[in-house]
Amino acid sequence: MRIYQVGGSVRDGMLGLPVTDRDWVVVGATAQAMQALGYRLVGKDFPVFLHPQTHEEYALARTERKVGPGYKGFTVHAAPDVTLEDDLRRRDLTINAMALAPDGGLIDPFGGAADLKHRLLRHVSPAFSEDPVRILRVARFAARFAPLGFEVADETLALMRTMVEAGEVNALVPERVWAELARALGEACPSRFFEVLRACGALRLLFPELEQLFGVPQPRQHHPEIDTGVHTLQVLDRAAQLSADTRVRFAALLHDLGKGATPPGEWPRHVDHEERGLALIDNLCQRLRAPKDYRELALLTGKYHGIGHRAEELRPATLLDTLQALDAFRRPERFEQFLLACEADSTGRPGYEQHPYPQAALLRRMLQLALTVDAAALAAKGLKGETLAEELRRQRIAAIRSARAHDASAPDELD
């Protein structure tokens, strides 16, 4: 039995990145021998075990053979005669196909160290084309390592295009697409995920609503980048700078889907794109089976981001109606997520990155003022039902109106 450290921990250690989880490959062993040593079997599709003390994953060296379409059409062979190189050959990228021997020596049969040095994401072998999930994984690694200057190798991108043209992407199930998307949203430069998918032709199949945005113009005076697709990815990266919350990033990504449905005769204006986008957002979320909290925030952002941008122009009653529509009184955390997505939209434009977004502070302040009206005190006075609701609304509007009037007479205070 020989044990080697493999995969991402080797790669990240060589890049000088933190290593939190380590994976191991065991060569020359059987499942029975592993269990006799106290390892606990956890793998369903192939033999993976948890170490009895460290609980790190130890997998028997294995090979895979394509027997059907999609990412599940494989048979797995794990036996003592499978070599370390056999196991590394089945991996996706060369930078993930390196191992460390027990003495710390690097085992690198496919040139992963050279590709790390040259900042290349390159496939190990033609077997890459047998698993369509690898298209998503390469795009996700591109998003993770973009700040380090990594690019997808030309030959790998060409192979990904061939896979798309062969229909391999059609075999991806929604749950797997969502899993990779959610992880990509959490990466350092999430826009790269979508840029790589677009470059290989997969974006139009997996996310046609996003593909539709590219080439759609916007007014130059508000959008120096002009192209709506470019703007969308800039907003996504700005959201990543503002928040680690992938729900905020997802909402920022989908906020302008309605612009893809604007009739070309109306370009570059996009009147009512917020309403047009709601069905598109909902369809995308339903198709990918996005979690409810992602879907709800995306829909709120799509519908109300324009109103949020105009907060300083709104009348007191409209401000209150907006806060209620956003459910800000009951869901303050989601209200904050909405404000972050709006700020990303406003400042996710060339030259606007450092601009303030006072609308967020204003909306927060109006919410706090409305909350000062004590509903319980009104009920204690005998008000009930519709009468209570009307008086609560009247007093909240009055509180907001008083503050807005004060702001108008003393504008420096708002600054």
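Every read-out reported here was derived from the displayed coordinates using simple, explicitly stated rules and does not represent laboratory data. Remember, it's a predicted structure, so these values are computed and weren't measured experimentally. A quick note on method: Cβ atoms are made from the backbone with ideal geometry, for glycine too, and the neighbour counts reach across all protein chains shown.
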Nearest-20 debye value, the chain charge dipole, Cβ charges on Lys, Arg, Asp, Glu: 660 debye
Segment 311-415: GluC sites (Glu not before Pro) in DSSP coil with no more than 12 other Cβ atoms inside 10 Å: 353
Among beta bridges that DSSP assigns inside the chain, antiparallel share in %, nearest 5: 80 percent
Prolate/oblate/rounded label for the chain (Cα gyration tensor, a/c 1.5): prolate
Nearest-ten-degree value, helix 316-325 long axis tilted from longest Cα axis of the chain: 30 degrees
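Would you please put 81-92, 366-377 in order of how densely packed they are, using the mean number of other Cβ atoms within 10 angstrom per residue and starting with the highest?
Packing proxy ranking, top to bottom: 81-92, 366-377.
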Packing-based ranking, highest mean first, of 233-243, 257-267 given that Cβ atoms within 10 Å are counted: 233-243, 257-267
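Given only helices, namely DSSP H runs of n ≥ 4 each adding -39500 (n - 2.57), what is the per-residue ellipticity at 222 nm of the chain, to the nearest 500 deg cm²/dmol?
Values: 20 runs with 214 residues, N = 415.
Computed mean residue ellipticity for the chain: -15500 deg cm²/dmol.
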For segment 1-110: rounded, prolate or oblate by the Cα gyration tensor [a/c cutoff 1.5]: oblate
Taking 135, 107, 307 and counting other C-beta atoms within 10 Å, the order from fewest to most: 107, 307, 135
Debye, to nearest 20: dipole size of segment 116-166, +1 on Lys, Arg Cβ, -1 on Asp, Glu Cβ: 300 debye
Those aspartates and glutamates that a straight Cα-Cα span of less than 17 Å connects to residue 303, excepting residues fewer than 8 apart in one chain: 209, 256, 272, 274, 275, 282, 293, 321, 327, 336, 343, 345
Dimensions in Å of segment 271-325 - Rg and Dmax from alpha carbons: 12.8, 39
